[in-house]
Amino acid sequence: MDKKTTLDILYQERNRLNQKYSTHGWNLWAAIGALSALTWTFLSQIETKSFATKEVISVFIICFCLYYLFYISYSLIKPNQFSKELITKRYYYFDKDFSNIKFSIISHIILFSFFIYSNWSLGYLSGIFSIVFIVLNIGIIVYLVLLLFLSIINIPIPKDTNPSFKFTTILILRLLIIGIILIIIGLIINIRSKDLISSIKFGFIIFGFYYLIILLNNMLRPNKILDKIDELVECALFEKKTNENILNELEILILGLELRAYFETTLINYFNAIDKFEKHCELLNEDIDEFKTAEKDLSTIIGAINIDNKIEEILKKVDVLGNDIDDIEKYSKRILNKIATIIFYKNTKDDIVKIIESVRLRFNESKEKYNITKNKVLSMLENYRNLKR
């Protein structure tokens, strides 16, 4: 594969991923500006308007429910998109670098706990509507606590891809929609206030705060995969690596994207260790060439001193290469150890087999190159000692 084709693939993949993780119609400054304007509006309303706390919370919950009702309904209305998400082999996993995901989980646990407490203290729902509301909130809290627990012990959670899971998931989402609709109806029925319009405004403003905070949290999420693809583009442009190696790394990164929270840090460290090894190997080969040139001038005192210094440099760089190989082996073992934690899950074989093959192939290639270079140096030194005799 030529350089142009490799670059086209990298640019295409980067654009696809950038579009996938971008927030359409928003940028960071727009979100900050909207948050500032909303804060000003909120303070202005407090100064001039009165409101009822019960109705404000009710309106906020209605907005909250409508937002997620639309989100879930859209997923079910678009079967192709939703089915693709279900059948794609993906894993839930939360690495320490993704603290904003844990922040989102914890903040929503607090929010749903507040919903339960506020309904108990203010009573904005009653009867069957209150029961559905409490059961739904408790179920979501239990689910989020489970995710938080698994994020702390660092175990990935696969999305099962068998047909029964797909059916079960869709059934749960439909039941969730019914529950959300009942909650909205119950809240609307129980809204009664002298300051209704003002309370509705406050409820909308509070939901605006919620939406913008979630939006900012998503915008500030680091994406190391895109950064690594940028590095691969640079390597392709300046021919720092072969096209085959670049595409192999891209393939692992894309698989790692599906497992990104589980593998990406170790994979990036692994590839960085290989890059460092290749650079040191290139410098060592340059020293070997200089040694051969200096060897021709061995008859003079200066030539003998130069070649002794060069031998010392070469031996030091051989030791550096050995350390690089140790680093590559260390990171490859970490990757394989992480794989061992998910290998017993259903439908993981296709996900991990390419990662295992690629990691082992690159490690074996680097180790073989190290051994060849080391033997080359030892042979060269042996010939030099024989020549001195």
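The values are calculated or read from the model by the stated rules, or taken from the named source; none is laboratory data. Everything numeric here is computed off the predicted structure, so don't read it as measured data. So basically every Cβ, Gly included, is an ideal-geometry build from the backbone, and we count neighbours across all protein chains shown.
Quick check on my filter: what residues within the range 45-78 are more than 12 Å from Phe207 (Cβ to Cβ) and modelled with pLDDT of 85 or more?
Keep residues of the range 45-78 that are more than 12 Å from Phe207 (Cβ to Cβ), which gives 45-55, 69-78.
Of everything in the range 45-78, those that are more than 12 Å from Phe207 (Cβ to Cβ) and modelled with pLDDT of 85 or more turn out to be Thr53, Lys54, Glu55, Leu69, Phe70, Tyr71, Ile72, Ser73.
I'd like the full set of residues that are of a type in the set (Gly, Ala, Ser) and crowded, with 17+ Cβ neighbours inside 10 Å, limited to the range 308-342. Explain how you work it out, then say what you get.
Filtering the range 308-342 down to residues of a type in the set (Gly, Ala, Ser) leaves 322, 332, 340.
Scanning the range 308-342 gives a single hit, Ser332.
Here is a yes/no grid of residues against (1) at pLDDT 70 or above; (2) small (Gly, Ala, Ser); (3) within 20 Å of the chain's Cα centre (by Cα):
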site: Ile328; (1), (2), (3): yes, no, no
site: Lys333; (1), (2), (3): yes, no, no
site: Ile339; (1), (2), (3): yes, no, yes
site: Lys349; (1), (2), (3): no, no, no
site: Ile355; (1), (2), (3): yes, no, yes
site: Asn375; (1), (2), (3): yes, no, no
site: Leu378; (1), (2), (3): yes, no, no
site: Arg385; (1), (2), (3): yes, no, no
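Can you tell me how many residues within the range 214-236 are without any contact (Cβ under 8 Å) to a residue 24 or more places away in the chain and more than 19 Å from Asn18 (Cα to Cα)?
In the first step, residues of the range 214-236 are kept if they are without any contact (Cβ under 8 Å) to a residue 24 or more places away in the chain; the result is 227, 231, 234-235.
Subsequent filtering for residues that are more than 19 Å from Asn18 (Cα to Cα) retains 235.
Final tally of qualifying residues: 1.
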Inside the range 166-212, can you point out the residues that are loosely packed, with under 15 Cβ neighbours inside 10 Å and polar (S, T, N, Q)?
-> Thr168
